[in-house]
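The values are calculated or read from the model by the stated rules, or taken from the named source; none is laboratory data. Keep in mind that this is a model prediction, so the values were computed, not measured. A quick note on method: Cβ atoms are made from the backbone with ideal geometry, for glycine too, and the neighbour counts reach across all protein chains shown.
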Amino acid sequence: MDEYSKPLLEDWEGIVIHSASEFINKKPIRDFLESIKVSAHYFVRPKGVVKQMVPLYRQAKHAGVSRWKGMSNLNKNFIGIEILVEGDNTYEEFLRKIKRPETFTAEQYESTAILCYSMMSKFPTISMDNIVMHSEVSGPDIRPDDPKYDPGEGFDMDLLKSKIKYFTA
């Protein structure tokens, strides 16, 4: 997955939260992302296990066409975290699942909050306001021909941020 990344040229300014199916056509998500030349810094599995995929001294190719608060091409300065949805899902099944809150596990929220807090501690340039959902930075208003909907309506960003705030208190 590292071959679909570039050297980091700027400081990290934020984190984009994504979601993806664990498997697609019985292949691990890592293989699928590599086949479309996409990468992420971290995967968070349903049981909360975190796996680093791209080192933090490199940009991952995760946000695509993206904008946030005057910044664009967020790959260059936002860390990408993929919350993995359990199972081998078609794209349609995946889109249905990410609308449901029960799709995302308590372990994923906990691990993702710890990971975000860790990134904020390591990189003080990352603020809570710049921890965003992929749909916020690459949604229909930004990418009308290919909008992104992840991590999905079922993902509770307020819950994630409250857990991150718990660690910062």
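Scanning the range 150-169 for residues that are assigned to a loop (DSSP other than H, G, I, E, B) and modelled with pLDDT under 95 gives a single hit, Ala169. Of all residues being of a type in the set (Gly, Ala, Ser) and touching a Lys or Arg at 6+ places or on another chain (Cβ under 7 Å) in the range 98-150, which is farthest from Glu13 (Cα to Cα)? Just the residue, please. Taking the candidates together, the pick is Gly139.
How about the range 40-79: which of its residues are surrounded by fewer than 15 Cβ atoms within 10 Å (Cβ to Cβ) and either assigned to a loop (DSSP other than H, G, I, E, B) or at positive phi (or both)? Answer for the range 40-79, where residues must be surrounded by fewer than 15 Cβ atoms within 10 Å (Cβ to Cβ) and either assigned to a loop (DSSP other than H, G, I, E, B) or at positive phi (or both): Lys47, Val49, Pro55, Tyr57, Lys69, Gly70, Asn73. Only a single criterion out of (1) within 15 Å of the chain's Cα centre (by Cα); (2) charged (D, E, K, R); (3) not in a strand (DSSP E or B) is not satisfied by Glu34, namely (1).
Residues are listed down the side, and each one gets a yes or a no for (1) within 28 Å of Glu86 (Cβ to Cβ); (2) surrounded by 12 or more Cβ atoms within 10 Å (Cβ to Cβ); (3) of a type in the set (S, T, N, Q); (4) under 13 Å from the mean Cα position of the chain (by Cα):
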{"site": "Cys116", "(1), (2), (3), (4)": "yes, yes, no, yes"}
{"site": "Ser121", "(1), (2), (3), (4)": "no, no, yes, no"}
{"site": "Thr125", "(1), (2), (3), (4)": "no, yes, yes, no"}
{"site": "Val132", "(1), (2), (3), (4)": "yes, yes, no, yes"}
{"site": "Glu136", "(1), (2), (3), (4)": "yes, yes, no, yes"}
{"site": "Ile142", "(1), (2), (3), (4)": "no, yes, no, no"}
{"site": "Asp145", "(1), (2), (3), (4)": "no, no, no, no"}
{"site": "Tyr149", "(1), (2), (3), (4)": "yes, yes, no, yes"}
{"site": "Met157", "(1), (2), (3), (4)": "yes, yes, no, yes"}
